Amino acid sequence: LTQTGLSPMRIRFGDVECLNLENDMAVGEEVFWMTATEMARAIRERRLSAVEGVTAHLARVETINPRVNAIVTLDAERALRRAKEADDAIAHGKILGPLHGVPVAHKDLEPTKGVRTTFGSKLYEDFIPTENSLLVERQEQAGAISLGKTNTPEFGAGSQTFNAVFGTTRNPYDLARTCGGSSGGSAVAVATGMVAMADGSDMFGSIRCPSNYCNLVGLRPSIGRVPRVPRADGWNSMSVVGPIARTVEDVALFMSVISGPDSRDPLSLDGTVDFLAPLGRDLAGVHVAYSADFGGLPVAPEVADVVRTSARVFEELGCVVEEACPDFRDANEIAMTLRAYSAELRLGRVMEEHPGILKPTLVGDIEAGRRLRGPDLGRAARLRTELFQRMHRFMEKYEFLLLPVNQVPPFPVDQEYVAEINGLKMASYVDWVRSLSYITVTAHPAMSVPAGFTSGGLPVGVQIVGRYRDEFALLQAAYAFEQATQVGLRRPPLL
């Protein structure tokens, strides 16, 4: 796959030989940067073959991945076989779905049939699932072509992407910096053109954080908007799965595929949203609030400046913008209690049966969960309900809320987590992502959208929060901001 002139040529993986088709679209570097929407349309219109698209992305993986370590299990032969099948379907007038022929990748927490899925753990280093998760299944049914699995920290715990199985994933804007996490592999794969889009999961910001650090768009949907099957705790109201892409339009396209009810998920939402409706909207007169520091969190000055600049963009779009912030008291206590509870539920037995295999921070989460008592969980539930009601009242006045995504820009890749911000020491390894966890416990949908860069060239996004369960309006606001700023068009300089 080292050849760069990709049309026409023959490609062989194992027993699969694919001939690229002659057409009116030059196939080369530009294919890497096609949006998923553009690529799906080009394939449907037979201006690009699925084989050409997949081949171009596999060549990109070969060239770029050794430098960033984003895709940790590559299944090139299967991808090319499915691309050939996609082209055969097109030749017979059959469209497999909205993502027909589009290259994607799956976070290594998602069970993928026949493909090694490690969860970032030595315990599952050679595990090959026999079934797909619902998230993977829906993408396949929509015609997407998976190139493989993307790196994640051990069991998705932490906002820095490294593990004992595959090592560390690096930020393409500066290889000495972190890409964030826990969906860091997915974000880097998308940011470098190795895939058009990828899935992620988000509890303490694991979609929003790496999207922010890689100049991408990432959406944390409402609980139940994208059902999760299988799942150890079907009633978990903290963790969600969702899309990572280079444009808001692609995020909407992805949501059209992965959202919608499933009776196996007890929190699944019945309502269907038309995510393919036009995103353009006149925002004149819309009330928008912003806060550069959540009313008192330590935030790096360059990050706070981007939030303020973003607020001015919404003013220029005709919005009524005010500096205002919800009352987030008790948010951290709620988040830490529910995080500890979740860690013990999911991994307590693993810690008992395989002592020494889990990283210390994860063990600490589990042990914190074991110290919880019934009244602790009851208090967290009561406080969370009160916080939700405060947030709901705030969002009745303001349709959107602008906030920092991460409180600091990307930090050194050999640093496990941020220990201090603006001279203030952090109490735990996730204390530096309160800007993300606070929104998680409100249950409101939120997006990371490219918004600016530091003086050193590192991406800084803005977190846009929408009204409860109103992802589509949130996408409309993000789309208007994206079109006005065009920050997301800036590619990694090192690549």
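Condition first: of a type outside the set (Lys, Arg) and surrounded by 20 or more Cβ atoms within 10 Å (Cβ to Cβ). Now tell me which residues in the range 74-89 satisfy that. Matches in the range 74-89: Asp75, Ala76, Ala79, Leu80, Ala83, Ala86, Asp87.
Among the residues of this structure, Thr55 counts as one that is out of contact with any Phe, Trp or Tyr (no Cβ under 8 Å at 6 or more places or on another chain), among the β-branched types (Val, Ile, Thr) and assigned to a helix (DSSP H, G or I). For the range 197-213, the criterion of being β-branched (Val, Ile, Thr), free of Cβ contacts under 8 Å to residues at least 60 places away in the same chain, surrounded by 24 or more Cβ atoms within 10 Å (Cβ to Cβ) and at negative phi is met by no residue. Identification of helices (runs of 4 or more DSSP H) wholly contained in the range 149-264 with 1 or more residues that are hydroxyl-bearing (Ser, Thr, Tyr) and out of contact with any Leu (no Cβ under 8 Å at 6 or more places or on another chain) yields 184-191, 208-213. Among all positions in the range 346-360, there is no residue which is hydrophobic (A, V, I, L, M, F, W, C) and farther than 15 Å from Ser121 by Cα.
Taken over the range 98-122, the criterion of being surrounded by fewer than 18 Cβ atoms within 10 Å (Cβ to Cβ) and touching a residue at least 60 places away in the same chain (Cβ under 8 Å) is satisfied by Lys122 alone. Taking the range 303-331 as the region of interest, how many residues are in a helix (DSSP H, G or I) and either hydrophobic (A, V, I, L, M, F, W, C) or surrounded by fewer than 17 Cβ atoms within 10 Å (Cβ to Cβ) (or both)? Going through the range 303-331 one residue at a time, the tally reaches 14.
On the stretch given as the range 469-495, residues that are assigned to a loop (DSSP other than H, G, I, E, B) and at pLDDT 95 or above total 6.
Against the list (1) modelled with pLDDT under 95; (2) closer than 16 Å to Met194 by Cβ; (3) open to solvent by 30 Å² or more (accessible area, probe 1.4 Å), the condition Asn69 fails is (1). With respect to (1) surrounded by fewer than 24 Cβ atoms within 10 Å (Cβ to Cβ); (2) in contact with a strand residue (DSSP E or B) (Cβ under 6 Å, 6 or more places away or on another chain); (3) not aliphatic (A, V, I, L, M), the lone exception for Gln141 is condition (2).
List, please: which pairs have Cβ atoms under 7 Å, are six or more places apart or on different chains, and start with a residue in the range 249-260 that is more than 10 Å from Asp274 (Cβ to Cβ) and end with one that is modelled with pLDDT under 95 and part of a loop (DSSP other than H, G, I, E, B)? That search, which allows pairs on different chains as well, returns Ser259/Val273; Gly260/Thr272. Checked against (1) modelled with pLDDT under 95; (2) assigned to a helix (DSSP H, G or I), Asn23 passes all but condition (2). Taking the range 349-366 as the range and being surrounded by 14 or more Cβ atoms within 10 Å (Cβ to Cβ) and within 26 Å of the chain's Cα centre (by Cα) as the test, the residues that pass are Leu358, Lys359, Thr361, Leu362, Val363, Gly364, Asp365, Ile366. In the range 275-293, the residues that are closer than 9 Å to Cys319 by Cα form Cβ pairs under 9 Å with partners that are open to solvent by 10 Å² or more (accessible area, probe 1.4 Å) and small (Gly, Ala, Ser), at six or more places apart or across chains, as follows: Leu283/Gly318; Leu283/Ala480; Ala284/Gly318; Gly285/Gly318; Val286/Gly318.
The values are calculated or read from the model by the stated rules, or taken from the named source; none is laboratory data. Please read these numbers as outputs of a predicted model, since none were measured by experiment. For neighbour counting, all protein chains shown are included, and Cβ atoms are generated from backbone atoms with ideal geometry for every residue, glycine included. Note: accessible area is taken over every heavy atom of the protein model, side chains too, but ligands, DNA and RNA are not part of it. Shrake-Rupley method; radii C 1.70, N 1.55, O 1.52, S 1.80 Å.
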